[in-house]
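So the structure is just underneath, and the comments pick up after that.
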Amino acid sequence: AQTVTQSQPEMSVQEAETVTLSCTYDTSESDYYLFWYKQPPSRQMILVIRQEAYKQQNATENRFSVNFQKAAKSFSLKISDSQLGDAAMYFCAYRSARGAQKLVFGQGTRLTINP
Amino acid sequence: DAGVIQSPRHEVTEMGQEVTLRCKPISGHNSLFWYRQTMMRGLELLIYFNNNVPIDDSGMPEDRFSAKMPNASFSTLKIQPSEPRDSAVYFCASSSRRLTSGSIYEQYFGPGTRLTVT
């Protein structure tokens with residue numbers, strides 16, 4: 001079974017600075033997808049960024065980018081120019097590209113933005 | 001698009017009562033997922049449907065939980081009888097298995113139902 005680990009329960013960063021959230025996963029599959037979801041206090045789960053495992057290029061969405069290291073099974077999220085609205089829980093998630101469609105989530109990292 | 005709709009947003013009930021959570025997926029999506037979020041176990045899949053057919057219900061905790069999807073636009077998750085340990089946030093999500101431009105079957109989540117069983 002696949003597992004996802006987020007080793008940082010909490011992180012904080014000064015507004016306008018850059019922060020990196022860590023995620024590692026375990027799988028025997030070669031084809032899969034990885035996601036970062038944001039959960040603000042409203043508890044809505046919002047997709048931030050996604051990465052296809054077959055792509056070597058790291059995904060980027062505006063201020064959000066990932067560092068995908070397939071051999072190391074690592075998938076970190078970098079947030080540049082942090083804004084107060086970025087404060088939330090961030091979840092890393094794995095999904096197989098074949099068979100089971102379910103998302104397997106990490107335990108989450110609570111990100112605080114200091115003004 | 002209205003997004004995934006869940007009702008109620010909050011539910012408080014007494015132990016032993018029946019609870020029914022409802023979900024309307026995004027129009028055109030043919031996969032529907034029920035997740036549960038607790039402090040102890042995090043986010044975990046309970047069950048999912050493809051084309052209204054249950055595919056994987058291995059996450060359903062026990063027989064007290066049941067889920068149905070009578071048509072493409074509606075699903076229910078029922079707990080009978082409810083217990084205090086069922087208190088959690090229950091999310092419904094939907095996705096489309098038809099590839100569209102830039103899509104990799106992304107799952108879109110509803111706002112969740114916060115269930116409290118006293």
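Quick look at the values:
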{"item": "Sole residue being hydroxyl-bearing (Ser, Thr, Tyr) and loosely packed, with under 12 Cβ neighbours inside 10 Å, chosen from A:28, A:12", "result": "A:28"}
{"item": "Strands (runs of 3 or more DSSP E) (entirely within region B:18-116) containing at least 2 residues that are within 8 Å of chain A (Cβ to nearest Cβ)", "result": "B:31-38, B:42-50, B:53-56, B:88-95"}
{"item": "Hits in region A:4-35 - residues which are outside any strand (DSSP E or B) and either among the small types (Gly, Ala, Ser) or under 14 Å from residue A:87 (Cβ atoms) (or both)", "result": "A:7, A:15, A:16, A:17, A:22, A:28, A:30"}
{"item": "Test result for residue B:27, exposed (fewer than 15 other Cβ atoms within 10 Å of the Cβ), in contact (Cβ under 8 Å) with a residue 40 or more places away in the chain and more than 27 Å from residue A:4 (Cα to Cα)", "result": "yes"}
{"item": "Residue list for region A:77-86, restricted to those being surrounded by fewer than 19 Cβ atoms within 10 Å (Cβ to Cβ) and touching a Ser or Thr at 6+ places or on another chain (Cβ under 9 Å)", "result": "A:78, A:80, A:81"}
{"item": "Selection count, region A:36-58, where residues are assigned to a loop (DSSP other than H, G, I, E, B), over 14 Å from residue A:89 (Cα atoms) and of a type outside the set (Lys, Arg)", "result": "5"}
{"item": "Which numbered condition residue A:95 misses (of (1) of a type outside the set (A, V, I, L, M, F, W, C); (2) touching an Asp or Glu at 6+ places or on another chain (Cβ under 8 Å); (3) crowded, with 17+ Cβ neighbours inside 10 Å)", "result": "(2)"}
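Just so you know, all these numbers are worked out from the coordinates, no wet-lab data involved. Since the structure is predicted, the reported quantities are computational estimates derived from the model, not experimental observations. Here the Cβ is made from the backbone with ideal geometry for all residues, glycine too, and neighbour counts use every protein chain on show.
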